[in-house]
Amino acid sequence: MSLRRLQGALLRGTESLWIVARRYSSARAKEEARKRWACEKAELLEVLEARVKQLQANNAQEATTTKSNFSQSTLWKVALPTWKEKSPKHEERNSSHPSRWMEKLSKEKSLKHKRLLQLEFKLSDADPRMKSSRKGGKLVARGEASPLKSPTKGSPDGPAKCQAPNKTKSHCEVPKVAAVQGDLGTEPLGNSHRTAEGLGVQVLGWEDAKEKLPLEEEEGSQNGSIRCSILAYLDCCLFLDQMERAHQCLMFYHRSHTRRKLLDIQVYNRLMRGYAKKGALSRVGQLFHQLEEAGLKPNLESYVTALECLGRSSVHPQVITRCLQQLKGDGFQLEDILRDLEPEEDEVKMALKAIRKVKPDFQPLPPVHQAETCMAPLSRDFYTKERPISYPKLDFTAQNLRKRFREQLQMEASSTVTIDSVEADKPLTEQAIRAREVLATLRSQWRAALLQSLRESKFHLGQRKSGQLNLYPFLCVLKDEEYVDIMMQSLSSLPPQGESLLILARELGTKVYNKYIIQRKSWSCWVEKIQRLYDSYIRLLAKDTRPDNYLPRKYWEQLQAEAGYGPSLVSRECVWPHSLVVQLGLHLVELMVQVLKMESNLLSLDLEQKLIPILYHVYSFRSGRQIGFIRPHPILTRLFSESVETTLTFDSFVIPMLCPPVPWVSPSFGAYILNPIKLMRSVDGAVQHQLLLEKCPRGDLNLVMDALNHLGNCPWKVNQAILDIVISIFNDKGNEKLDIPPPPSEAPQPTKLALGGGPLTKSALKREMAQCRKKAMEMFSLRMDALYKLSIAKHMQDRTFWFPHNMDFRGRTYPCPPHFNHLGSDLTRAILLFAEGKPLGPHGLNWLKIHLINLTGLKKKNSLQDRLAYADEVIEDILDSADYPLTGRKWWMTTDEPWQALACCMEIAMATRSPDPAAYISHFPVHQDGSCNGLQHYAALGRDVIGAASVNLMPSDVPQDVYSGVAQQVEVFRKRDAEEGKTIAQVLDGFIGRKVVKQTVMTVVYGVTRYGGRLQIEKRLKEIEAFPQEYIWEASHYLVQLVFNSLKEMFSGTREIQSWLTESARLIAKSGRTVEWVTPLGLPIVQPYHRAKTLLLNSSMQTVNLKSRHDASQKPDTVKQKNAFPPNFIHSLDSTHMMLTALHCHRRGLTFVSVHDCYWTHALTVDVMNQVCREQFVELHSQPILQDLSKFMLQKYCTRFPTELRNKKFLEYQRLVQLLSNVPERGEFDLQKVKESTYFFS
């Protein structure tokens, strides 16, 4: 409640960043109530210390203002106070005139110290080991000195790290009390301790445990969103050169002791950097003084900024000397200061100028570019070079790649791309011409109205100068016309049924942020550095240049080191919090709803002429919740429909890249040139993934980044023949059977007659209309999706392009362009070809034929030889499909994946008709798909012999079908129950097949529950016309139990591992921690599932509930954490296997891409890819994966435990230690058999 009041007080007003936190759990309130008794005295002490410090500051200011003649060195002493020494005059004043405040403060400190000693004695009595380890007021654990020391003034044992005696809240005293109270944890006791040591886990002592706080405690503060908003506000003010506004904001928070807690060192440094660039030495000095008032210590960035300011100012050398002395006194080395940080060039230049005024011969140490190595065991084989390795090159010259880079840079700098729509080929009617003319006139009027309204809104917001946060600077970072362009673009893409207010606001705010970041980069020297580096980097990729023995990341890092650019080129981006992005978008939506109007008689002159809004704010129910919607007026929808506009506008990151992506070299730098993107994508508001990656040693991410770089460097082109056929069907009202959606005009209309011919009842008519509306919305969504994909494909039809990749928090890789990529539907995949062609070779044509039969869905249980023979049998149908796709026998339309099948038919036809099929240059990607890949990983983890045989880890003559095996086992159980007279078992006779159980078997490994499995089986039973519908619920409920029992019997090892993972996650989440682990490649992973937190964002239209389940300041969601851990862990393993395969295929010179557990390459290299795939699977599972997971979790979660023995938390702690220590036992399966299995991937 206190946080909500605080946020409301700080961010009040409909146009301000008003964020109100609401929590529906009382756990936090109860916890605060229990701790209140322990905090009252500490809070009083803080108030007293703050009052004393305020009185001292006032006296100091009076003393300095009475002196009329003072030197610049004296100014610097005031501006940058020494942290280790007090002013002698202050000490004399305080000693000669003690006040009641000082006396009370001394008494409180004395009382606090006595209570601290009492607690020490109580702890020593509770733990016999502590009695012998008490020495001179210190606690010793395992023979190591504890950080606990006497807090009394003048104690010789005072902590050396605490160099700010005047801090409001001491950073040394608080952890001491926490340590004494047992909050920081000690060694595990009893059997748990012995078990952990038996596994070789280094159990942390008191000091180590204190230094390694969990991620949610370190970074997930409750005030994180407000602090990020303050940083963003200051950043925009500095960008706009509105220093006074930024200073007012900082002082608004700094003046209040309560609000000051929202500030950290970054906030002060951000403003300090702005003043330093202007040479405002007095302002920088004030900020150093305010840092001391806030109880914060200057860091390296603070001193670099101060030196930069001194370099820009004409100051006496004594001032610089004083600054350097203070820098050294705070433990920083001048020689390393410019090496450890990565400041901008002008900052370095000015800082060196200041230093050389007092040290003319000073030369900073050059940046150290040590090749950080990955510590993962799997990296040894890859990075160890026993012989020189030559990596493959692209089929482009260096000059061509440089030209492509400049085209890409220009496209990203414009931030949007306008392309022709595939509907432009339609004939233009008079109605369309008139609609376009009307729209052009209206858009001109709307632009003028929006521009005026935006300027008026900015004027009113700009008048508020109280220092409180508002949207004014965020509405100034772009030109007014650019905001209008963004709003008009959103208006054109608004669906007829409207869009959720929250989604629309988020899209608008995100567009503003992206454009702002792009402009900041474009206007700085950052782009010039990237361009110079990329021009050199191209030598590694181009076919006419020398280097070929480097990985892209390594070569880029070497070029950076040679250019002296530091470890990375990560620009200083200030991330806007999700709440701020939505609040900004809400403001823009309000302008659109209030301003945009049109005449009511545009389409019918008989109506009365009046101005009506074109957008309406309404409420609608979705999943039982009332949400706000923005809906267009039907007249506007009709105008858009009749105009059949011929262009589409996209953000630049939606279009595939025109040049090879920038290699990933850090968690925040790679892929695009200007567009902001992260290595690990996350949901809105989740920051814990990025924080975890930034804390991770850079070398541990090398394998992951190298794999992503290889996937992104694969060039693509469009299959023109398939694209032409698809566009012709698309413009001819589509074809739902071929996955080409028809236009919304073909949507069904509600009927008013019942089956018997009579009128529908009111309720029946209402249901009919609701179903028709739902169908129309689905058709529009599918149609637009297809329109975007086909239009982008047509735009790229004569070009080579690239898909940059990043990953989700589990390590699964995805192309960055969202619409058109190889992870799309059957239709999208059929349109794509490798840009690089390779000859088929002796076996390539056979692989094409096998691939075609795989796409048909036929012969899944047959051997590869049988599939090849079947392809030869239907060769006439294959050639007919290739020659006459729309007028022939249309065999390709009967397959499971019709469009990919048609593309493969055409490739086979061209290869067979060539003079030498083995020499035919093929660009066609051939797929090899894993056989129920999740179960394959489970079977390998547990060395489960039966499970391994069921999922083709064991060699066999024909592929084993796990789905048919489960169906057979279910049928055995059903027959037994039917013989016992169970009715539902008798009803199901003859209806249990592979298709009924397939989806449930496939998803059970990914955490599907019995409820979810029942819904899946219910859907399959509804598709069987002969099955009695009245038994569907009972039958699905019965079958899901049989399926789970069959899996438990067939995959006993799998279920044991899954249960171990689930229970481990449940106990970890109950302890208040999120589940974390590290993949075998060294990638750190954290599950972002927390209890719901709702932020209330006010606008004039409605209050928007911004609900987040990913806020690290909230307690973990135990149910989600435990249910998601097994599937997420398996996903992290399959991504590890894919990345290893990608890296080693790259080393072998293969073109390789993947769709999770489906691997693609040329027909020529399928055999090599299959060999690499199997070798890397064996190599991966030869690692002690579960044992390493157990050790990691024991060290992370079992070194901080409750001090009170025999209570519930301690019992749960013991249970967790025991569970993690007992790793599931392995079976007898020989992992090397995988290398001989033909159908492991096929």
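The values are calculated or read from the model by the stated rules, or taken from the named source; none is laboratory data. Please read all numbers here as calculations on a predicted model, not as lab measurements. For neighbour counting, all protein chains shown are included, and Cβ atoms are generated from backbone atoms with ideal geometry for every residue, glycine included. Heads up: the accessible areas ignore ligands, DNA and RNA and are worked out on the full protein's heavy atoms, side chains in. Shrake-Rupley method; radii C 1.70, N 1.55, O 1.52, S 1.80 Å.
Checking each residue of the range 920-931 against the condition of being part of a helix (DSSP H, G or I), touching a residue at least 60 places away in the same chain (Cβ under 8 Å), buried (at least 17 other Cβ atoms within 10 Å of the Cβ) and among the polar types (S, T, N, Q) gives no match.
Restricting the search to the range 542-570, which residues are of a type in the set (A, V, I, L, M), surrounded by 15 or more Cβ atoms within 10 Å (Cβ to Cβ) and modelled with pLDDT of 75 or more? Answer for the range 542-570, where residues must be of a type in the set (A, V, I, L, M), surrounded by 15 or more Cβ atoms within 10 Å (Cβ to Cβ) and modelled with pLDDT of 75 or more: Ala542, Leu551, Leu559, Ala561. Every condition in (1) part of a helix (DSSP H, G or I); (2) open to solvent by less than 50 Å² (accessible area, probe 1.4 Å); (3) in contact (Cβ under 8 Å) with a residue 40 or more places away in the chain holds for Pro495 except the one numbered (1). Close contacts from the range 1220-1241, counting a first residue that is within 30 Å of Val926 (Cβ to Cβ) and a second that is among the basic types (Lys, Arg) and open to solvent by less than 30 Å² (accessible area, probe 1.4 Å), with Cβ to Cβ under 8 Å and a gap of 6+ residues or different chains, come to Phe1229/Arg943; Leu1231/Arg943; Val1234/Arg1174; Lys1235/Arg1174; Ser1237/Arg1174; Phe1240/Arg1174; Phe1241/Arg1174. For the range 964-988, a residue qualifies if it is more than 26 Å from Pro1127 (Cα to Cα), part of a helix (DSSP H, G or I) and in contact (Cβ under 8 Å) with a residue 12 or more places away in the chain, and the qualifying residues are Glu971, Phe973, Arg974, Ile984, Ala985, Val987.
For the range 940-962, the set of residues classified as modelled with pLDDT of 85 or more and under 17 Å from Thr1003 (Cβ atoms) consists of Gly947, Ser950, Val951, listed by residue number. Could you list, in sequence order, the residues of the range 620-637 that are assigned to a strand (DSSP E or B), open to solvent by 20 Å² or more (accessible area, probe 1.4 Å) and either modelled with pLDDT of 90 or more or touching a His at 6+ places or on another chain (Cβ under 7 Å) (or both)? Once the filter is applied, which keeps residues that are assigned to a strand (DSSP E or B), open to solvent by 20 Å² or more (accessible area, probe 1.4 Å) and either modelled with pLDDT of 90 or more or touching a His at 6+ places or on another chain (Cβ under 7 Å) (or both), the range 620-637 yields only Arg631. Looking only at residues of the range 892-919 that are surrounded by fewer than 21 Cβ atoms within 10 Å (Cβ to Cβ) and without any contact (Cβ under 8 Å) to a residue 40 or more places away in the chain, we find that the one that is nearest to Tyr1239 (Cα to Cα) is Thr894. Of the residues making up the range 350-370, just one is surrounded by fewer than 14 Cβ atoms within 10 Å (Cβ to Cβ), modelled with pLDDT of 75 or more and either among the polar types (S, T, N, Q) or in a helix (DSSP H, G or I) (or both), namely Gln363. Listed conditions (1) of a type outside the set (A, V, I, L, M, F, W, C); (2) modelled with pLDDT under 85; (3) in contact with a Ser or Thr (Cβ under 9 Å, 6 or more places away or on another chain) are all met by Pro577, apart from (2).
When the residues of the range 679-700 are filtered to those that are acidic (Asp, Glu) and modelled with pLDDT of 85 or more, the one that is most open to solvent (accessible area, probe 1.4 Å) is Glu694. If we scan the range 952-963, do we find a residue that is part of a helix (DSSP H, G or I), in contact (Cβ under 8 Å) with a residue 12 or more places away in the chain, among the aliphatic types (A, V, I, L, M) and more than 30 Å from Val1178 (Cβ to Cβ)? Scanning the range 952-963 turns up no residue that is part of a helix (DSSP H, G or I), in contact (Cβ under 8 Å) with a residue 12 or more places away in the chain, among the aliphatic types (A, V, I, L, M) and more than 30 Å from Val1178 (Cβ to Cβ). Being among the aliphatic types (A, V, I, L, M), surrounded by fewer than 19 Cβ atoms within 10 Å (Cβ to Cβ) and not in a helix (DSSP H, G or I), is that true of even one residue in the range 1201-1213? Looking through the range 1201-1213, at least one residue is among the aliphatic types (A, V, I, L, M), surrounded by fewer than 19 Cβ atoms within 10 Å (Cβ to Cβ) and not in a helix (DSSP H, G or I).
Listed by position, the strands (runs of 3 or more DSSP E) enclosed by the range 706-824 that each have at least 1 residues that are aliphatic (A, V, I, L, M), under 18 Å from Phe650 (Cβ atoms) and open to solvent by less than 50 Å² (accessible area, probe 1.4 Å) are 715-718. Can you name every residue in the range 871-883 that is open to solvent by 30 Å² or more (accessible area, probe 1.4 Å) and within 22 Å of Ile921 (Cα to Cα)? Of everything in the range 871-883, those that are open to solvent by 30 Å² or more (accessible area, probe 1.4 Å) and within 22 Å of Ile921 (Cα to Cα) turn out to be Asp872, Ile875, Leu879, Asp883. Being crowded, with 16+ Cβ neighbours inside 10 Å, closer than 14 Å to Gln928 by Cβ and in contact (Cβ under 8 Å) with a residue 60 or more places away in the chain is a condition met by at least one residue of the range 863-870. In the range 599-625, the residues that are more than 22 Å from Leu494 (Cβ to Cβ) form Cβ pairs under 8 Å with partners that are modelled with pLDDT under 80 and part of a loop (DSSP other than H, G, I, E, B), at six or more places apart or across chains, as follows: Asn601/Leu607; Asn601/Glu608. The number of residues in the range 1141-1184 being touching a residue at least 40 places away in the same chain (Cβ under 8 Å), farther than 19 Å from Lys838 by Cα and not in a helix (DSSP H, G or I) comes to 6. Between Phe1044, Phe1027, Phe991, the distinction of being in a loop (DSSP other than H, G, I, E, B), of a type outside the set (S, T, N, Q) and open to solvent by less than 20 Å² (accessible area, probe 1.4 Å) belongs to Phe1027 only.
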